[in-house]
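Report on one structure; see the data block that follows.
The values are calculated or read from the model by the stated rules, or taken from the named source; none is laboratory data. Bear in mind that the values here come from a model prediction, so they are computed numbers and not experimental data. Neighbour counts run over all protein chains shown; Cβ positions are idealised from the backbone, glycine included.
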Amino acid sequence: MSMLSVNNLHVRVGEAEIIRGLSLAVPAGEVHAIMGPNGAGKSTLSYTLAGRGGYEVTGGSATLNGEDLLALEPNERAAKGLFLSFQYPLEIPGVPGLTFIRTALNAQRKARGEAEISAPEFLKLARAEAAKLKIDFDMLKRPLNVGFSGGEKKRMEIFQMAMLSPHFLILDETDSGLDIDALKIVAEGVNALRGPDRAMLVITHYQRLLDYIRPDMVHVLAGGRIVASGGPELALELEAEGYDRFVKAAA
Amino acid sequence: MAAVKQTIETVEALERYKHGFVTDIDQEFAPKGLNADIVRFISAKKDEPEWMLQWRLEAFERWLALEQPTWAKVQFPPIDYQDAYYYAAPKTKDGPASLDEVDPDLLATYAKLGIPLKEQEVLAGVQGAAKYAVDAVFDSVSVVTTFKKELAEAGVIFCSMSEAIREHPELVRKYLGSVVPTSDNYFACLNSAVFSDGSFVYVPPGVRCPMELSTYFRINAAESGQFERTLIIADAGAYVSYLEGCTAPMRDENQLHAAVVELVALDDAEIKYSTVQNWYPGDPKTGKGGIYNFVTKRADCRGARSKVSWTQVETGSAITWKYPSCVLRGDDSSGEFYSIAVTNGRQQADTGTKMIHLGKNTRSRIISKGISAGHSTNTYRGLVSTNQKATGARNFTQCDSLLIGKSCAAHTVPYIEARNASAKFEHEATTTRLSEDQLFYVMQRGLSQEEAVALLVNGFVREVLQELPMEFAVEAQKLVAISLEGSVG
């Protein structure tokens, strides 16, 4: 059984139907990439799976480990192990990064009926993960993302991901705004999270990220549907030929 | 971090206004209405000397000639000053009793409110917990003041105003009305005529008050007003930190609370005054009932290098109308104002501060955080001024407003009057709406909508919460969260 199953999904934003019959299956242990031109519905897909308001599902289904995702609140989806790394992470003034993550972690644990993490245990974990991502520990004491550079924000997303230890990861354009060094660090962080119990959906416009995060499958999203699927070589093809062929196919 | 967690737990508890109960106790009232005889009645009840009665009567005469001001951005029907009781007291023996003599119903009331009146209870608390003395004011009278003996050993006088008038007339006569003159404004004038009780603090030269002082005001009686009077004097080189808390039962009619607080800081003295105001805000849907909180608070930094810091957390009251201010008279004196004002439902707030720079090289700092939700209106109004002689005056003002939902309003009305070319005044202001994007981001990490609002709001007010004494910061954080319940979605 696939960890994530999306079946004939239709999503409306305002008057426009953006996702039009999308189907996708990501088994546990695999990394799938979704590539596509601007306006194909990549971000709509990630927001819909995470449960953002304003994205109206008009048909189809989406399940995570067999459970209906679409019936859950965003926080309930998070507690079930869904994590979305934002394309544009938000600034949270006045709330230190560590406080934010600990509050989130404990909220998730509580929702799952688990005990809260102790302060020493949390700090130990935070120090270890911060070191891996080359994040200065003092930065975690500053209000989350406030005044951070684009690269720092993306690194904080991966740090949060490592701390929250989700089952299903959606990376929405994680490579945008990153220079090559930052990209390598972020990719290493993501790769460290690969495992038989996890699955990932890597959404990207460019093939570059996939040099560092090797996908098991590549899907092309155009016109609100998956129009082609293949191995990693498909990403290279796209890089060489562009999306035109698929956009025409979708139209 | 613990505080955030506590906030979340509180939000989950889903309490609206938990202080809304009424204590069923025998009370003594003055006849309804307001006239010179009522003023005499109050004065006589308190066994006051003749000079005090004359002071009150003079204030009453002046009040009759004044008109209620209308410039604030608040709306309410005319107040019928004859349709209220100006004195209400629990029937007990004369004056603030020792704890053993206090009516058990009253003790139970304070226990329910979480106010420690038994000194041993405070002491028996967690090791390292700060000790603080409490003056408990119930309607028009102070029922008990704790730790008086220990404070007296340090030379600190902490008692009810009634007691101070009897026991320390020389101090009261010297300072009462010296910061807020009788006819300063309509409500201060009314207070001067009919003030009931309040706290009096005197810290002698060079003494650092050994514990936090606090007064807990409780309105209980129906159709009554509370007119307390607080006077705090920090003599040369003294330091004191003081906190007031306020609650009232839920009632359908509006009740007037018109207090006057005067602070005097002499050379090198420092006063830190914190308020956690949680008067009944009225029904959130209909706007019925609630307290009119029309208060005059002013500090006189009379001495050189003196310092006064106001911190307020305003979550309650149907209408809040007040401007805790600093008159920076002494050279090199400084004033601070840190404020969190939360309005929800149909609440209205018009609050801020005045920093009047009179001495040389005086400094002031204003940090105001207004949060409006529901159908409420929240106005920051502030004045920063220097006169011609006040060279080297500096002010920094930061006014931030946060809007939650689509039916609330925030206004910022800063007045700046610099009559001196050397003044450096800075003013920063922002207005933001709690964004859907932020809420979704926080919820995606695992917090429910209520928890997400609490977290974001706590972040917004953090700068001010840090100024409160530790125990109260936690309390205040909880209050803010409760006040904003149901404000989204």
On the basis of being within 14 Å of chain A (Cβ to nearest Cβ), buried (at least 16 other Cβ atoms within 10 Å of the Cβ) and basic (Lys, Arg), does B:Arg445 make the cut? yes
Does B:Ala136 fit the bill of being modelled with pLDDT of 90 or more, of a type in the set (A, V, I, L, M, F, W, C) and buried (at least 24 other Cβ atoms within 10 Å of the Cβ)? no
Regarding region B:258-269, can at least one residue be identified that is closer than 22 Å to B:Val172 by Cα and free of Cβ contacts under 8 Å to residues at least 40 places away in the same chain? yes
Is region B:319-331 home to any residue that is in a strand (DSSP E or B) and of a type in the set (Lys, Arg)? yes
With respect to the numbered conditions (1) buried (at least 17 other Cβ atoms within 10 Å of the Cβ); (2) at pLDDT 95 or above, which one is the sole condition not fulfilled by B:Phe396? (1)
Of all residues making up region B:458-480, the number that are of a type in the set (Val, Ile, Thr) and either at the interface with another protein chain (Cβ under 9 Å from one of its Cβ atoms) or out of contact with any strand residue (DSSP E or B) (no Cβ under 7 Å at 6 or more places or on another chain) (or both): 2
Could you list, in sequence order, all residues of region B:371-389 that are without any contact (Cβ under 8 Å) to a residue 60 or more places away in the chain and buried (at least 24 other Cβ atoms within 10 Å of the Cβ)? B:Ser372, B:Ser376, B:Asn378, B:Tyr380, B:Gly382, B:Val384, B:Thr386
If a residue must be buried (at least 22 other Cβ atoms within 10 Å of the Cβ) and either aliphatic (A, V, I, L, M) or in contact with a Ser or Thr (Cβ under 6 Å, 6 or more places away or on another chain) (or both), how many such residues does region A:65-78 contain? 3
Restricting region A:108-142 to residues that are in a loop (DSSP other than H, G, I, E, B) and under 23 Å from the mean Cα position of the chain (by Cα), which is farthest from A:Gln160 (Cα to Cα)? A:Arg112
If you go through region B:43-92, how many residues are assigned to a loop (DSSP other than H, G, I, E, B) and under 25 Å from B:Leu176 (Cβ atoms)? 12
Between B:Leu358, B:Leu328, B:Leu256, which is surrounded by fewer than 24 Cβ atoms within 10 Å (Cβ to Cβ), hydrophobic (A, V, I, L, M, F, W, C), over 18 Å from B:Leu484 (Cα atoms) and at pLDDT 95 or above? B:Leu358
Strands (runs of 3 or more DSSP E) contained entirely in region B:141-213, each with at least 1 residues that are modelled with pLDDT of 95 or more: B:199-203
Restricting the search to region A:90-103, which residues are small (Gly, Ala, Ser) and at the interface with another protein chain (Cβ under 7 Å from one of its Cβ atoms)? A:Gly94
Test for A:Leu125: is it facing chain B (nearest Cβ under 10 Å) and surrounded by 15 or more Cβ atoms within 10 Å (Cβ to Cβ): no
All positions within region B:401-442 that are out of contact with any Phe, Trp or Tyr (no Cβ under 7 Å at 6 or more places or on another chain) and within 13 Å of chain A (Cβ to nearest Cβ): B:Thr430, B:Thr432, B:Leu434, B:Ser435, B:Glu436, B:Asp437, B:Gln438, B:Leu439, B:Phe440, B:Val442
Residues of region A:124-148 satisfying the condition of being modelled with pLDDT of 90 or more and of a type outside the set (A, V, I, L, M, F, W, C): A:Lys124, A:Arg127, A:Glu129, A:Asp136, A:Asp138, A:Lys141, A:Arg142, A:Pro143, A:Asn145, A:Gly147
Out of (1) over 27 Å from B:Ile482 (Cβ atoms); (2) in contact with a strand residue (DSSP E or B) (Cβ under 8 Å, 6 or more places away or on another chain), the odd one out for B:Thr391 is which? (2)
Among the candidates A:Thr48, A:Thr58, single out the residue that is more than 10 Å from chain B (Cβ to nearest Cβ) and touching an Asp or Glu at 6+ places or on another chain (Cβ under 8 Å). A:Thr58
Determine which member of the set B:Val461, B:Val474, B:Val453 is β-branched (Val, Ile, Thr), more than 29 Å from A:Leu49 (Cβ to Cβ) and crowded, with 19+ Cβ neighbours inside 10 Å. B:Val461
Note: among B:Val261, B:Val276, B:Val240, just one is modelled with pLDDT under 90 and in a strand (DSSP E or B), namely B:Val276
Show the residue pairs that are 6+ apart or on different chains and have beta-carbon atoms under 7 Å apart, the first residue being within region A:77-89 and facing chain B (nearest Cβ under 8 Å), the second being among the charged types (D, E, K, R). A:Ala78/B:Arg445; A:Ala79/A:Arg112; A:Leu84/A:Asp172; A:Phe86/A:Glu157; A:Phe86/A:Asp172; A:Pro89/A:Lys153; A:Pro89/A:Glu157
